[in-house]
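Chemist: First, the structure itself, so that you have it in front of you.
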Amino acid sequence: MHTIVDARVIISCPGRNFVTLKITTKSGVYGLGDATLNGRELAVASYLTDHVIPCLIGRDARQIEDIWQFFYRGAYWRRGPVTMTAIAAVDVALWDIKAKNANMPLYDLLGGASRTGVMVYGHANGNDLDETIAQAKKYKEMGYKAIRLQSGVPGLASTYGVSKDKLYYEPADAAKPTENVWSTSRYMPTVPKLFAAARETLGWDVHLLHDVHHRLTPLEAGRLGKDLEPFRPFWLEDATPAENQAGFRTIRQHTTTPLAVGEVFNSVWDAKQLLDEQLIDYIRTTIVHAGGISHVRRIAHLAELNNVRTGFHGATDLSPVCMGAALHFDLWVPNFGIQEYMRHTDETDAVFPHAYTFSKGDLHPGTAPGHGVDIDEALAAKYPYRPASLPVNRLEDGTLFNW
Ligand code: KDG
Ligand code: MG
């Protein structure tokens, strides 16, 4: 009854590419896992099809932990975004099956709801300060309690976070990486001005966030954090690349602005020093890129010991399947902080019917058994894969930089 009899990868591009794993057991119950790694979708699809699925068929779907350990330890080559995204897809699909079999929403299986809803932040963006503030006002009118502010930078043609479509940000805009130009000195003065204008227009009863997207040195990030302190930001996100976790010590020494990092992490080991030394306030690592619920749960527990709360990544490239699973996790996890919520397009939502709903600034995962997200395979088949890459940045003198 619980034997895995089928597992398939479904690739679909309803506006952007998504990779979904569907696992079916002998009793006919199936579970879905997101396996989307933006710009590297086919690598994960191949990893699953060529290396994981042949070892999955015939296993007992109830043994989530053993299956997780098999694919983590059994690969010998541990960690890395491709491996951990593939493992996450398996793990989430198996939790979905387990919760469906128990006839429970996933959050009940995890330990039950700890709150009535999951506070989310929206991504207000514009080509300049005025446009960004106007967008932020719209988010406030929609009921958002937290808004991330991202504005174009004078003198730079395009910047991370600024979108043509405003509500639906999609940076993977071409088959091969688009080249953008970056200048830290042009960028730095724009952010405090943006926050000053936002506080003046939106007031103080809304949380304001900003994503640096890994483009500052620790010292620069410390300076920006200090400049933003008068505006009480909720957080400064991905202020500096975190491969060298000790870099966050420098930022901490210079500012009390709360720090969030980790959307590119795929393992607890990427965050160990950050958590052990309490160098951050929010951990952004989410279900799809870090080994699924079974592993992110460990990260959240280590975070809890160190007064760090969760603030999961939730951009459009994380499919509704990941969003559904993340929301169940968020509703349960004791040290929840906030959840990113970039809305998917209507095309995407139609391919992935889901039980989660937005109301007054919160998302709720719904009470359907499992994680509450399905896939309309016939519709998905109408949107074939389209190669798409994330952009790269070069400095004004041509040096390749962080995007
Ligand atoms: O695929 C990369 C995007 O998810 C990322 O650039 C978005 O930084 C991001 C965010 O915080 O949503
Ligand atoms: Mg980010």
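Chemist: Put a dot 7 Å past each Cα toward the Cβ at T116 and D165; how far apart are the dots in nm?
Modeler: The two pseudo-label positions are separated by 3.3 nm.
Chemist: If you restrict to DSSP beta bridges whose two residues both lie in the chain, what percentage is antiparallel, to the nearest 5? Could the numbers behind the result be given before it?
Modeler: Numbers: 23 of 51 bridges.
DSSP beta bridges in the chain are roughly 45 percent antiparallel.
Chemist: Also, I was wondering about something else. Could you please state how large a percent of the accessible area of the chain is carbon and sulfur, counting protein chains only and using a 1.4 Å probe?
Modeler: Within the chain, the accessible surface is 53 percent carbon and sulfur.
Chemist: Sticking with this structure for a sec: Below 8 Å, C-alpha to C-alpha, sequence gap of six or more: please give me the relative contact order for region 110-367 in percent. Present the calculation step by step, with values, prior to reporting the outcome.
Modeler: Details: 502 pairs, mean separation 54.2, N = 258.
Contact order relative to length: 21 percent.
Chemist: Here is the link list: K138/K164; K137/K226; K138/K166; K164/K360; K193/K226; K140/K360. Which ones come out longer than 19 Å on Cα distance?
Modeler: On the way: K138/K164 16 Å; K137/K226 25 Å; K138/K166 11 Å; K164/K360 26 Å; K193/K226 13 Å; K140/K360 10 Å.
With Cα atoms farther than 19 Å apart: K137/K226; K164/K360.
Chemist: A follow-up question, please. Take the alpha carbon atoms of region 52-86, find their center, do the same for region 305-370, and report the distance between the two centers in whole angstrom.
Modeler: 24
Chemist: Next question, about the same structure. Return the calculated 222 nm mean residue ellipticity for the chain, to the nearest 500 deg cm²/dmol, obtained by summing -39500 (n - 2.57) across DSSP H runs with n ≥ 4 and dividing by the residue count. Write down the numbers at each step before the final one.
Modeler: Numbers: 15 runs with 139 residues, N = 403.
Mean residue ellipticity at 222 nm (helix-derived): -10000 deg cm²/dmol.
Chemist: Continuing with the same structure: Using the Karplus curve 6.51 cos²θ - 1.76 cosθ + 1.60 with θ = phi - 60°, work out ³J(HN,Hα) for each residue of region 147-156 in order, rounded to whole Hz, and write x for Gly and Pro.
Modeler: The phi angles translate into 9, 8, 9, 9, 10, x, 10, x, x, 10 Hz.
Chemist: Let me ask something additional. Ratio to report: Rg/Rh of the chain, with Cα atoms as the point set and Rh obtained by the Kirkwood method; give two decimals.
Modeler: That ratio equals 0.96.
Chemist: Something else now. At a 10 angstrom cut-off on C-beta neighbours, averaged per residue, how do the peptides 228-236, 51-59 rank from highest to lowest? Provide the component values of the computation, followed by the final result.
Modeler: Details: 228-236: 19.6, 51-59: 15.8.
Going from most to least packed, we get 228-236, 51-59.
Chemist: Explain nothing, just the number: relative contact order of region 214-280, from Cα pairs under 8 Å at least 6 residues apart, as a whole percent. All intermediate terms of the calculation are to be shown ahead of the outcome.
Modeler: Numbers: 94 pairs, mean separation 24.2, N = 67.
About 36 percent, as a whole number.
Chemist: Hey, can you find the accessible area per residue of region 4-105 for me, probe 1.4 Å, expressed in square angstrom?
Modeler: Details: 3930 Å² over 102 residues.
It amounts to 39 Å² per residue over region 4-105.
Chemist: Run the quick spin-label model on K272 and I57: label points 7 Å from Cα toward the beta carbon, then report their separation in nm to one decimal.
Modeler: The modelled label-to-label distance comes out at 3.8 nm.
Chemist: Something else now. Please give the peptides 326-337, 281-292, 134-145 ranked by average Cβ packing (other Cβ atoms within 10 Å per residue), highest first, as a rough proxy for protection.
Modeler: Numbers: 326-337: 24.6, 281-292: 28.1, 134-145: 17.3.
Ranked from most to least packed, the peptides come out as 281-292, 326-337, 134-145.
Chemist: With a point put 7 Å past each Cα toward its Cβ, work out how far E396 is from R40 in nm, to one decimal.
Modeler: According to this spin-label approximation, the distance is 3.3 nm.
Chemist: What fraction of the Cα pairs in region 4-105, stated in percent, has a spacing above 15 angstrom?
Modeler: Working: 2973 of 5151 pairs.
Looking at region 4-105, the distances longer than 15 Å represent 58 percent of pairs.
Chemist: Let me ask something else about it. Can you find, among A174, A221, M188, the residue farthest towards the positive end of the dipole of the chain? Put +1 on the C-beta of Lys and Arg, -1 on that of Asp and Glu.
Modeler: Of the options given, the answer is A221.
Chemist: Using Cα pairs closer than 8 Å and at least 6 residues apart in sequence, work out the relative contact order for region 4-105, in percent.
Modeler: About 33 percent, as a whole number.
Chemist: Right, something else. Rank by packing, highest mean first: peptides 70-80, 308-318, with packing defined as the count of other Cβ atoms within 10 Å averaged across residues.
Modeler: Values: 70-80: 13.4, 308-318: 25.0.
Per-residue Cβ counts within 10 Å, averaged per peptide and sorted highest first, yield 308-318, 70-80.
Chemist: In terms of Cα to Cα distance under 13 Å, which aspartates and glutamates are near enough to K145, apart from those fewer than 8 places away along the same chain?
Modeler: Within reach: D205, E340, D362.
Chemist: Consider a paramagnetic label point 7 Å from the Cα of T184 along Cα→Cβ; state which residues of region 235-256 have an amide N under 19 Å from it.
Modeler: Residues 236-256 qualify, since their backbone N sits under 19 Å from the label point.
Chemist: For region 110-367, what is the accessible area per residue in Å² when the probe is 1.4 Å? Show your work: numbers first, answer last.
Modeler: Values: 9410 Å² over 258 residues.
Accessible area per residue: 36 Å².
Chemist: Can you list the residues, at least 5 places off or on another chain, whose amide H is less than 5 Å from the amide H of L208, using H built in the peptide plane?
Modeler: I147, F234
Chemist: On to the next question. Residues of region 184-202 with amide nitrogen under 17 Å from the 7 Å Cα-to-Cβ point of K137?
Modeler: Inside the label zone: 194-202.
The values are calculated or read from the model by the stated rules, or taken from the named source; none is laboratory data. Please read all numbers here as calculations on a predicted model, not as lab measurements. Note: ideal-geometry Cβ built from the backbone for every residue, glycine included; neighbour counts use all protein chains shown. Accessible surface is based on the protein model in full, side chains and every heavy atom, while ligands, DNA and RNA are left aside. Shrake-Rupley method; radii C 1.70, N 1.55, O 1.52, S 1.80 Å.
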